[in-house]
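Worksheet: one structure, shown below.
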Amino acid sequence: MTARLRLLLVDDEVEILELLTMAFHDFDVETAVNAASATELLRTKSFDALITDVRMPGGSGLKLIDQATALHPGIAVFVMTGHHQEPAEDTRVARWLFKPFSVTALRTTVLEVLAGRQPNGRM
Amino acid sequence: MNQDMLCFDRARFERVVDSIENMAVGELWQEILLSPNRDELDALAHGVNVLSSELRYRLRELQGAQASLIHAGKLAALGEVSSGLAHELNNPLTIVTGYVERVRESLQSGRTSPAELAELAAYLEKSERNLERMNVIIRHIMEFARESRPAKEPMLLAEVVHKSLILINEQLRLKSIQVDMDLQAGLMAEINPSKLEQVFINLLSNARDAILEAHGEAGGRIRVRLSAQTRSELEVEVSDNGIGMDEETRSKVFHPFFTTKDVGRGTGLGLSISHGIVQDHGGTIACVSEPGHGSAFLIRLPRYLPPETAGS
């Protein structure tokens with residue numbers, strides 16, 4: 001039996017978390033509504049991927065990426081943003097996802113990136 | 001004969017003097033009937049008539065320019081809150097897109113059992129709720145940005161405060177800024193609601209910037225208090241626990257083009273326009289502040305008492 005991929009979803013919008021949880025029903029999904037609880041989860045569990053919003057009360061998603069990549073160097077990071085400014089060159093981020101995005105397309109992107117990282121495939 | 005002539009001239013002369021004095025106190029519409037004599041007094045009266053007409057023309061020009069300035073200030077205020085608005089629209093749009101995708105996938109794959117259809121109905125209901133959320137914001141942006149009618153109407157002040165928060169709430173929430181409201185119910189004033197809203201948005205934007213400067217991402221607190229000062233006057237206080245101002249800055253906040261923000265960030269017109277709007281409503285606006293302890297803006301407006309209570 002292959003292990004399920006572990007995914008951390010972070011957004012202050014609960015309905016976005018619900019939709020993404022449904023889309024990644026075949027993953028082990030944890031959710032957090034702010035950077036502080038996400039940090040807590042990152043400290044206690046390990047994850048293959050992080051999908052996070054940038055602008056949230058109580059701390060930016062970009063700081064969360066610092067913590068995620070420090071704690072789990074191999075983690076694939078996806079950033080959701082509502083701002084269409086050119087994202088800063090950030091090699092830690094696998095893909096920038098501009099809101100509004102298609103959840104189906106988001107899932108495809110995440111699967112592609114994770115498959116690329118794990119050529120032997122754990123899916 | 002000479003005596004009669006003098007009396008007659010004095011009456012005409014006094015009419016000219018009256019007209020000039022009236023103009024001096026703001027009654028610009030003056031028209032003196034000229035006599036058939038076409039004498040020096042008529043020349044003077046004619047001069048006063050021309051002056052009156054010129055002053056009225058200039059006043060209209062000035063009022064037009066002032067209205068444009070207020071409108072430009074309103075659009076600038078909207079610009080100040082636009083990043084929060086984009087966030088607030090993009091989130092429900094993402095949610096609606098997601099639910100619509102799920103509904104389509106379900107229908108395409110023929111999942112139509114009663115339980116599955118009930119689930120689809122729930123998705124559609126959630127989509128509707130999010131569309132309504134967007135609708136409230138978009139409608140409000142349009143109402144706010146529209147060139148407002150000059151008319152004033154009796155309005156509940158608490159309602160105007162709540163409406164101004166629709167546009168800026170998301171931005172404050174994202175910056176972890178808590179808004180405490182203490183609004184006495186039922187207080188009314190005769191106002192132009194969209195202009196008063198513009199004043200509140202200016203004050204809230206400034207409070208937000210002052211808090212960010214003082215506490216950064218840790219956020220802070222804004223307090224909005226509405227209370228009756230006297231039977232004929234009400235007060236709105238917008239205070240923050242931001243960076244505060246020294247006396248020199250505080251004394252200039254209502255001056256046009258005065259800003260402490262970086263070039264390109266602030267126009268320096270928000271508070272000066274707000275001052276003009278409050279004055280136009282027969283009110284006053286004042287500021288108390290202390291460096292490191294935040295600022296408070298106090299607006300006082302004449303109260304409107306509904307006819308049934310006015311005489312009681």
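Computed from the coordinates by the stated procedures, all read-outs in this text should not be read as laboratory data. From a predicted model like this one, the values you see are computed outputs, not experimental measurements. Quick reminder, even Gly has a Cβ in these numbers, built from the backbone with ideal geometry, and neighbours come from all protein chains shown.
Figures for the structure shown
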{"read-out": "Shielding score for A:102-114, defined as the mean number of other chain Cβ atoms within 10 Å", "value": "2"}
{"read-out": "Convex hull volume of the protein assembly as shown per residue (C-alpha atoms, cubic angstrom)", "value": "241 Å³"}
{"read-out": "Dimensionless Rg ratio for region B:164-218, taking C-alpha atoms and the 2.2 N^0.38 Å reference", "value": "1.28"}
{"read-out": "Net dipole in debye of region B:1-95 [+1 Lys, Arg Cβ; -1 Asp, Glu Cβ; about Cα centre; nearest 20]", "value": "340 debye"}
{"read-out": "Check: region B:97-142 dipole with +1 on Lys, Arg Cβ and -1 on Asp, Glu Cβ, in debye", "value": "160 debye"}
{"read-out": "Order of A:Lys63, B:Lys74, B:Lys163 - criterion: other Cβ atoms within 10 Å of each residue's Cβ, fewest first", "value": "A:Lys63, B:Lys163, B:Lys74"}
{"read-out": "Sorted by Cβ neighbour density within 10 Å, fewest at the top, the residues A:Trp96, B:Trp29", "value": "B:Trp29, A:Trp96"}
{"read-out": "Net dipole in debye of chain B [+1 Lys, Arg Cβ; -1 Asp, Glu Cβ; about Cα centre; nearest 20]", "value": "760 debye"}
{"read-out": "Alpha carbon convex hull of chain B, volume per residue in cubic angstrom", "value": "245 Å³"}
{"read-out": "Lysines with Cα under 25 Å of B:Lys195, excluding same-chain neighbours fewer than 8 positions away", "value": "B:Lys74, B:Lys152, B:Lys163, B:Lys252, B:Lys261"}
{"read-out": "Helix-derived mean residue ellipticity, 222 nm - over chain A, DSSP H n ≥ 4, -39500 (n - 2.57), to 500", "value": "-11500 deg cm²/dmol"}
{"read-out": "Counted charge near B:Phe13, where neighbours are those whose Cβ lies closer than 14 Å (Asp, Glu -1; Lys, Arg +1)", "value": "-4"}
{"read-out": "Set of region A:18-38 residues, backbone N closer than 11 Å to the point 7 Å along the Cα-Cβ line of B:Glu119", "value": "A:22-23"}
